[in-house]
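Input: a single structure, listed below in structure tokens.
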Amino acid sequence: MLFEDLKGKRVLVTGSTEGIGWAAVQAFAAQGAKVGFNGRSAPRDLAQRLQAFEQAGVDAEFFAADLSRTPDCEHLVQDFVARFGGIDVLINNAGGLVGRKPLADIDDAFFDAVHDLNARSALMTTRFALPHLKAAAQASGQTSAVILVGSVAGYVGGGPGAGLYGAAKAWLHNIQKNWVNFHTVDGIRFNTLSPGTFDTAFHADKDDEAKARISAGIPMKRFGQPQDAAAAFLFFASHQASAYVTGQVLDINGGQFMP
Ligand code: NAP
């Protein structure tokens, strides 16, 4: 069966109480993986979610951590490892616009906030997870996986006031090349999933008219749905499916942009 090797794998998905991350959490759970999900605070329906997982025989846990902050990245990894005994797959999904500011209004605080959320979070979480991913690969004889979540903005520069966001995503598209060069030896694969425009809280600032205008410019004439990205996470995570795939960026954007 496709992705069979994900059964029992310990998967940490950051920024995953809703949207693309939550769809990924559910997809891994459906494969029998052990899943950690994360947000700055617990979702209101946490008890129901955990109960549903338990009833389905899924080993899942929520971890509160603000990954803009390095100590939280470290604690998240420590807490996940304490709960599940190691990490096989890390998905650095936490990210967002923070806000929109044109060049003339950008100050140090805004620069820091955008880079802390989108770049530092993935960098530091990966850094703290590294020894655990390496140990998991050694113990299993299979590759561990780190998956970054980039963006179409990483190629095209981002929309109005989103230049720093686009640049931070381009930074992610790039930094995995260094990690591939120096950590393939540790048995870890690094890949990036790069969404186009997805229908999540990320676009809460847009009305229906704006959404229709954006959809019209996408060859598939619609926003992506969180489930549209889920199988790609499974693919990159699965040694069985993608053991020889590393350093790649997979664009999931309905044809919106073709690098
Ligand atoms: P979303 O629906 O807005 O969900 C964001 C998730 O991240 C929530 O669970 C949120 O929970 C969590 N989060 C936010 N700040 C966090 C922090 N500092 N530390 C830990 N968790 C945090 O987002 P999405 O649209 O699914 O986006 C997921 C990823 O895809 C992001 O990296 C985004 O940049 C990228 N992306 C999205 C689109 C799109 O069109 N939607 C396009 C390209 C790329 P809390 O609020 O509780 O913290």
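Rule-based calculations on the coordinates, nothing more; no lab input. Remember, predicted model here, so these are calculated numbers, not experimental data. Positions of Cβ are generated from backbone atoms using ideal geometry, with glycine treated the same way; all protein chains shown enter the neighbour counts.
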_Only Lys, Arg (+1) and Asp, Glu (-1) charged, at Cβ; the range 60-163 dipole about Cα centre in debye_ = 280
*FRET efficiency for Val156 and Asn181, using Cβ-Cβ distance with R0 set to 30 Å, rounded to 0.05*: 0.70
*In whole Hz, with x marking every Gly and Pro, tabulate ³J(HN,Hα) for the range 15-26 from phi via Karplus 6.51 cos²θ - 1.76 cosθ + 1.60, θ = phi - 60°.*
x, 9, 7, 8, x, 4, x, 5, 4, 5, 4, 5
_Largest-first principal axis extents of the Cα set of the chain (Å)_ = 50, 39, 33
*Whole-angstrom Cα spans of the range 1-154 along principal axes, big to small*: 53, 36, 29
*Could you list, in their original order, any pairs among Lys9/Lys221; Lys101/Lys211; Lys34/Lys134 whose Cα atoms are separated by more than 26 Å?*
Lys9/Lys221
_Give me the dipole magnitude in Debye, nearest 20, for the range 136-259 about the Cα centre, with unit charges on the beta carbon: positive for Lys and Arg, negative for Asp and Glu._
200
_Size of charge dipole - the chain - debye, nearest 20, with Cβ of Lys, Arg +1 and Asp, Glu -1, no other charges_ = 420
*For peptides 217-225, 2-10, sequence by mean Cβ density within 10 Å, most packed first*: 2-10, 217-225
